[in-house]
Amino acid sequence: MSNSFGVGLVGTSSGNLIEKNTAVGNMSGVRVFPLAGGNTIRLNIFAGNPAIQVSTTFGSTVGADVVDLSPAGSNSFADNRCLTYSGAGPSPCPSVGKPQNGEDTEQEDVAAFGRKRLAFPQARLIDAVFHGNLRSLPNAAGPAGYAHKAASDSVTVTGKVVDAACFMLHPSAATAASHKDCGAACLARGVPLAIATDDGTLYFPADGNQRLKSLLNARVRASGTVVEKHDPMELKMPVGDKNQMVVRVEGGYKQITIETLERIPAEKR
Amino acid sequence: MNQFLSNRVILVVLAFSAFLLCAGRTHATEISGTISTTLTIYEDSELTGDVTCTVVGAPCIAFGTSNITLRLNGFTMTGSASPPNNCTSFPTPFVPEDGITTAGQSNVAILGPGLVRNFARMGILLPKSSQVRVERVTAADNCFSGILVSGTTDSDIARNVSVRNFGFDGTACGGT
């Protein structure tokens, strides 16, 4: 009924970060339309949408603090303060936020590098170099990105969808709940996603993030052909005002051309 | 044949010049007072005083190029709507009387603090843009959305306040 939102994500809007905003007394606090995907909505306050005078008159279909018309999991909602929700679920509301604790500092840092994309041209480089003897990157060696060794037959890999850069920086924490915001922020910045298997092997999808972006942090089963890339790969992330971190993978990596992909429900894990 | 081509080139050049004049192009970096036709900015710009917009059927301020910043500097941009009065109707004619539009540009920023209010459609519209930063802006009492991200990618919308944005014709004016 309404198109009046505090913040609206319409059309094919993607990769946007909606963070630390306050939306009060609108028809909807935030409204995400069906084609919008890969957006991160976090640490906002959505309350009193619509105003009580409207909701009691027109009913709950008018709007809500959070209205998500996109398929479940297409966009990431994290730590928003909200009371009412309409969408495919699971509902992120009601939520009154987390207590103040040490995570705030981490969240500030994550948010900070996310907002400083405009400072990119002045960025200086800080290199974090990972060598091919990492367990997550076994036996790699070869030309950057495109050259490859022999392709294997179709294989099935099972693992968790992670942002590759964050995973390589702190793999032990990459699958923890506290890592979710980091992953979402990296995804919003275009950092490549990968499937991390239980033994730590990373499989980078050949067609980019498109198929995996709605599955960040989810456990998946993917089938397809795997090739080993051999040249170094660089994953670039903005950090702070003027810095850019380059995670350089030396020794190659595995790339999978996904043929089938399915989310593994929690009960099957 | 050559004569014909030469004439056509001249016509094109003249037409292009006329377009620039009509588009209201400006290089001014300081904005204040009344805006009666869409102000298109082509370089970093900032409000140096409150702005009253009387533009009819078009945005108040539009980005005309990429890689620039508009700073509101704590001032207020006020449109001519008073929701639910003077709002554009939905779905038609839905005229683009927005406060600020990024107009498809990329790597641009709208930085508060500042207030964008009383516009007949959106307070701030990000249509088909990329890498837009909107920070610390308050969007209030606009007829449709405070901030609308439409087909835009890789942008940060952070630390803004969006309040009481609706009231177009045909619905109740809630939140007031």
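The values are calculated or read from the model by the stated rules, or taken from the named source; none is laboratory data. Keep in mind that this is a model prediction, so the values were computed, not measured. Using ideal geometry, Cβ is built from the backbone for each residue, glycine included, and neighbour counts are taken over all protein chains shown.
When the residues of region A:21-47 are filtered to those that are at the interface with chain B (Cβ under 7 Å from one of its Cβ atoms) and either in a strand (DSSP E or B) or modelled with pLDDT under 90 (or both), the one that is surrounded by the fewest Cβ atoms within 10 Å (Cβ to Cβ) is A:Thr22.
Considered as a group, the residues in region B:67-103 that are within 14 Å of B:Pro127 (Cβ to Cβ) and in contact with a strand residue (DSSP E or B) (Cβ under 6 Å, 6 or more places away or on another chain) include one that is surrounded by the fewest Cβ atoms within 10 Å (Cβ to Cβ), and that residue is B:Ala103.
Take B:Pro113 and tell me if it is farther than 12 Å from B:Thr69 by Cα and either more than 12 Å from chain A (Cβ to nearest Cβ) or in contact with a strand residue (DSSP E or B) (Cβ under 9 Å, 6 or more places away or on another chain) (or both). Answer is yes for this residue. Tell me whether region B:101-110 contains one or more residues that are outside any loop (DSSP other than H, G, I, E, B) and free of Cβ contacts under 8 Å to residues at least 40 places away in the same chain. Among the residues of region B:101-110, not one is outside any loop (DSSP other than H, G, I, E, B) and free of Cβ contacts under 8 Å to residues at least 40 places away in the same chain, which makes the answer no. The set of residues in region A:69-97 that are assigned by TED's automatic domain parsing to the domain that holds A:Lys20, surrounded by 13 or more Cβ atoms within 10 Å (Cβ to Cβ) and under 17 Å from the mean Cα position of the chain (by Cα) comprises A:Ser70, A:Pro71, A:Gly73, A:Ser74, A:Asn75, A:Ser76, A:Phe77, A:Ala78, A:Asp79, A:Asn80. Taking strands (runs of 3 or more DSSP E) as the structural unit, those lying wholly within region A:162-269 and holding at least 3 residues that are at pLDDT 80 or above correspond to A:193-197, A:202-205, A:219-229, A:253-263.
Of the residues making up region A:1-20, those that are farther than 21 Å from B:Pro113 by Cα, surrounded by fewer than 24 Cβ atoms within 10 Å (Cβ to Cβ) and either of a type outside the set (Gly, Ala, Ser) or more than 7 Å from every other protein chain (Cβ to nearest Cβ) (or both) are A:Met1, A:Asn3, A:Val10, A:Thr12.
Residue count for region B:129-155 under the criterion of being at the interface with chain A (Cβ under 8 Å from one of its Cβ atoms) and either surrounded by fewer than 24 Cβ atoms within 10 Å (Cβ to Cβ) or without any contact (Cβ under 8 Å) to a residue 12 or more places away in the chain (or both): the result is 7.
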